[in-house]
DNA sequence: GCCGTTTTCGGCCCGACTGTTTTCAGTCG
């Protein structure tokens with residue numbers, strides 16, 4: 001059982017305990033432990049074997065033992081008993097907005113409702129409104145919530161949420177009365193997926209702004225409207241008007257002198273905030289979303305940097321605010337100089353119409369130049385991937401001739417000739433050495449036999465990346481975002497092999513299949529692996545997706561030198577030649 | 001269930017908003 005599975009079970013236990021009406025701090029302890037496990041960099045089985053779990057903050061004696069049982073036996077009697085006495089439908093009912101464990105429990109105990117479908121019927125028959133503590137409005141909200149869950153209610157990918165946030169902010173900006181405005185929450189921390197959009201603004205007249213917000217075009221539901229905070233559901237068409245995407249959006253308004261505190265507070269994460277409040281307490285101060293204050297004085301701050309400084313901390317970038325050691329590092333002045341989007345000088349994993357891309361070589365080159373890139377690596381698919389028009393050796397020659405021709409025509413951008421070469425089932429490569437030798441670089445990727453058992457998949461990838469012609473490993477885990485699945489691979493072993501052979505490992509930045517997450521990247525860095533941020537671009541627009549890769553790199557505390565494509569074109573050319 | 005330079009017991013962030021209440025519990029972030 002890997003750490004994600006164990007973390008999932010601990011999370012579920014926490015939820016089940018809430019539904020049992022347990023001490024909330026006890027259930028919280030399970031959620032906290034789940035979070036801690038997700039961020040574990042090393043292999044969970046190793047940590048268990050070496051008795052290192054206890055050292056992780058949030059995991060004590062009891063949880064260490066439960067995790068150990070789970071990892072070694074794959075089961076946990078305590079969990080199974082808990083599941084037995086809680087109908088699984090109750091967990092789904094918790095996802096309804098405004099429904100917490102107490103309400104779900106009341107519905108179950110007093111009406112015997114244990115499924116969303118039964119709840120809907122009970123609402124329609126008016127039985128819910130008759131319950132003590134419930135009423136007509138609650139009943140109506142539940143019905144709306146069931147509807148919303150049916151059509152949306154899912155976490156959104158960050159690229160979709162950003163697009164919607166841009167629309168919302170743009171619409172708000174058109175009006176008067178706004179002093180400062182910022183998108184905060186998990187969106188500002190660049191999490192892969194987000195639950196909602198949080199917008200914070202400062203103003204002297206919150207009332208009219210609230211009115212405007214809830215009446216914006218695209219607002220399909222007003223969930224709450226107060227003097228300083230409103231919640232709506234916002235819907236917008238994305239992808240050339242082909243897909244309607246909905247997401248809850250919150251607006252909060254504060255006075256301008258409160259803005260830095262509110263910005264920090266609403267950016268989170270929750271764990272980071274709790275740690276910050278504790279630190280404020282150690283300084284004899286109280287921190288909330290409005291102020292940092294002692295018993296007899298308020299400490300004025302113009303921006304977040306002032307706030308951190310007042311607590312003896314260097315400025316912590318939003319991407320680092322996950323309570324994973326950033327406070328300690330900031331206190332000791334040991335925060336890294338994070339890689340910046342502008343540090344990227346080019347990218348490598350890009351397809352063209354020669355295989356399954358939808359733009360030609362020249363179009364891609366021009367688009368890369370417009371983005372300010374100094375070089376672009378073209379890496380179409382190799383011959384085995386027939387479904388994607390993989391290049392045969394003959395077409396490789398023709399494509400390379402075209403790249404030379406485009407390079408001669410287009411100035412200001414250097415083109416590298418690459419290939420995304422399939423790793424065949426046995427770990428051999430899809431071209432003979434004489435063909436491989438014609439490329440500036442080779443990205444090796446798995447595109448077939450995804451179902452191989454872990455040992456075979458691992459051996460296959462390690463064999464491929466130890467090949468002297470292979471420059472970088474493409475989508476190392478094949479992880480698909482939202483579905484969270486990839487191929488089964490011992491990533492630790494793969495990263496160690498990459499470190500041994502000096503193989504670059506790609507941070508695949510395409511939001512659809514973001515591959516290495518920040519925990520993986522931290523581990524990779526610790527093992528001495530250098531990374532490369534690639535968008536797996538199939539269109540000119542996809543090139544801009546490297547920004548998401550930069551976000552992952554920042555979350556992993558990577559600096560400019562940790563990432564290969566921060567080098568100049570000349571440095572890249574030299575490095576590739578040496579191989 | 002976790003945690004400890006005020007603590008091994010008694011805390012555990014805290015304020016806004018809603019709905020059902022008549023002073024507050026539940027939910028959310």
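A short reminder: the numbers here are calculations on the coordinates, not readings from a lab. Keep in mind the model is a prediction, meaning the values are calculated, not measured. Counting neighbours? That spans all protein chains shown, and the Cβs are built from the backbone with ideal geometry, glycine included.
Annotations
- Of interest is the spacing of the C-alpha centroids, which for the range A:251-298 and the range A:96-127 amounts to 37 Å.
- Principal-axis tilt of helix A:546-555 within chain A, Cα atoms, nearest 10 degrees: 60
- Placing R0 at 60 angstrom, the Cβ-Cβ distance between residue A:20 and residue A:370 gives a FRET efficiency of 0.55 after rounding to 0.05.
- Alpha carbon centroid spacing (whole Å) that separates the range A:158-231 from the range A:417-481: 44
- Structure-based [θ]222 nm, chain A - -39500 (n - 2.57) summed over DSSP H runs of at least 4, per residue, nearest 500: -12500 deg cm²/dmol
- Spin-label model distance (nm) - residue A:271 vs residue A:174, 7 Å beyond Cα toward Cβ: 4.1
- Placing a pseudo-label 7 Å from each Cα along the Cα-to-Cβ vector at residue A:496 and residue A:298 gives an inter-label distance of 5.7 nm.
- Principal-axis tilt of helix A:3-19 within chain A, Cα atoms, nearest 10 degrees: 10
- Computed over chain A, the alpha-carbon pair-distance distribution with 20 angstrom bins reads 18, 48, 31, 4, each value a whole percent.
- Cα gyration tensor shape of the range A:244-300, rounded if a/c is under 1.5, else prolate or oblate by comparing a/b with b/c: oblate
- For A:220, A:566, order by how many other beta-carbon atoms lie within 10 Å, fewest first: A:220, A:566
- Placing pseudo-labels 7 Å out from each Cα toward the beta carbon at residue A:46 and residue A:182 gives an inter-label distance of 3.8 nm.
- For the pair residue A:147 and residue A:85, a Förster radius of 30 Å applied to the C-beta separation gives a FRET efficiency near 0.50, rounded to the nearest 0.05.
- Tilt relative to chain A, helix A:569-578 - C-alpha long axis, 0 to 90 degrees, to 10: 60
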